[in-house]
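Have a look at the structure below before the remarks.
The values are calculated or read from the model by the stated rules, or taken from the named source; none is laboratory data. Only a predicted model underlies this, so the values are computations on that prediction, with no experimental measurement involved. Note that we place each Cβ from the backbone using ideal geometry, even for glycine, and neighbour counts take in every protein chain shown.
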Amino acid sequence: MPPLLASWDRDGYVELPAVLTAAEVAALNERLAERFARAARRAHLTSLPGLRELRRAAIGGFKLRDRLLAPWAERARDRPWTAALIRLERARAELVSAVLREDGADRMVMGYLTDERVRAAAGSPRVLEALTELFGERPVLFFTTSFRTGGQSETHVDSFGEDPCDASFVGASIALEDFDIANGPLFVVPGSHRLDARERERLTSLPTPPPGAVPLLTRSGDAVLWHRDLVHGSFPRLDRARSRRSLACHYAPRSALPRRARLRPLGTAWYRLDRLAAESPTLTRLLAER
Ligand SMILES: O=C(O)CCC(=O)C(=O)O
């Protein structure tokens, strides 16, 4: 068995050095800093009366559009109006994430829909190569979160446990600065993807970090990929003056996307915004292929 697959099977995660160059990390950090600053400036928007209702109506409209578009989705890619729809979709994603804006502009979700630097980092050739080996086919990206300060993620697994197409979904974190024990590094419980579901649940219900948690002292520009059933999370940021910037990405095998996009995740706060991808499967697929 090739080494990557052997350690994946044994540990449930793999570390990939240098998936981004120092210049790529710096450019992405600069872009994210601008976007976080912009999000902080418009934070007051979320409290305006009527915005949630507006968002619900916008989502309703986009769902209808998606249903109408679905029969032509395959041919739509070559149509001249596809580019316009994609621009519209990006604007929608921007609007919705501005309205929902989780965690006081501390994380930016679905940034890949609206930012080419996020897309480029998530689509780094080294990461795609490893995912292709793990999936046995080309991956698609369906979810990203950029962390401005980072750390403090509860112990969890990424599986929603509802649909078999989740079987091969993979999570990843690309470090945008060095992780060390003081800035809330990620941790994994190696091999926990092979435990039975009840034992995994027990581990995720214990206080963070659970027994067996191993910190990942990832260097800036490196990535770690983990199995959807692997117990993971992050240590507290002991030094509150520091950040642990990173880009978390979730990928599925290309053939699973149409079914995955129909999934309705179970609705933990963490996954709430994953519904955005689910609400627009047709355009998410078109976007993923660009
Ligand atoms: O970077 C983190 O703190 C957590 C990322 C994560 O657990 C995930 O994307 O599932």
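Only one of 69, 51, 45, 28 is at pLDDT 95 or above and touching a helix residue (DSSP H, G or I) at 6+ places or on another chain (Cβ under 7 Å). Can you tell me which?
Every option except 28 fails the conditions.
For the stretch 110-155, give me each residue that is part of a helix (DSSP H, G or I) and surrounded by fewer than 21 Cβ atoms within 10 Å (Cβ to Cβ).
Within the stretch 110-155, 116, 117, 119, 120, 125, 126, 128, 129, 132, 133, 134, 135 qualify.
When the stretch 167-181 is examined, which residues are found to be within 11 Å of the ligand (Cβ to nearest atom) and not in a loop (DSSP other than H, G, I, E, B)?
Listed by number, the residues that qualify are 170, 171, 172, 173, 174, 175.
When residues of the stretch 1-24 are filtered for being in a loop (DSSP other than H, G, I, E, B) and either among the aromatic types (Phe, Trp, Tyr) or touching a residue at least 24 places away in the same chain (Cβ under 8 Å) (or both), how many remain?
7
Under the condition of being within 20 Å of residue 168 (Cα to Cα) and among the hydrophobic types (A, V, I, L, M, F, W, C), which residue from the stretch 191-208 is surrounded by the most Cβ atoms within 10 Å (Cβ to Cβ)?
Looking at residues that are within 20 Å of residue 168 (Cα to Cα) and among the hydrophobic types (A, V, I, L, M, F, W, C), I get 195.
Any idea which of (1) surrounded by 20 or more Cβ atoms within 10 Å (Cβ to Cβ); (2) among the small types (Gly, Ala, Ser); (3) away from the ligand (no atom under 16 Å from the Cβ) is the one residue 184 doesn't satisfy?
That leaves (3) as the condition not met.
So residue 220 ticks every box in (1) within 20 Å of residue 14 (Cα to Cα); (2) within 13 Å of the ligand (Cβ to nearest atom) but one. Which box is left unticked?
(2)
I'm trying to understand the selection: among the residues of the stretch 217-229, which are in contact with an Asp or Glu (Cβ under 7 Å, 6 or more places away or on another chain), crowded, with 16+ Cβ neighbours inside 10 Å and among the hydrophobic types (A, V, I, L, M, F, W, C)?
Answer for the stretch 217-229, where residues must be in contact with an Asp or Glu (Cβ under 7 Å, 6 or more places away or on another chain), crowded, with 16+ Cβ neighbours inside 10 Å and among the hydrophobic types (A, V, I, L, M, F, W, C): just 224.
Step by step: first the residues of the stretch 129-162, then only those that are within 15 Å of the ligand (Cβ to nearest atom), touching a strand residue (DSSP E or B) at 6+ places or on another chain (Cβ under 9 Å) and on the phi > 0 side of the Ramachandran plot, then the one that is modelled with the highest pLDDT. Which residue is that?
150
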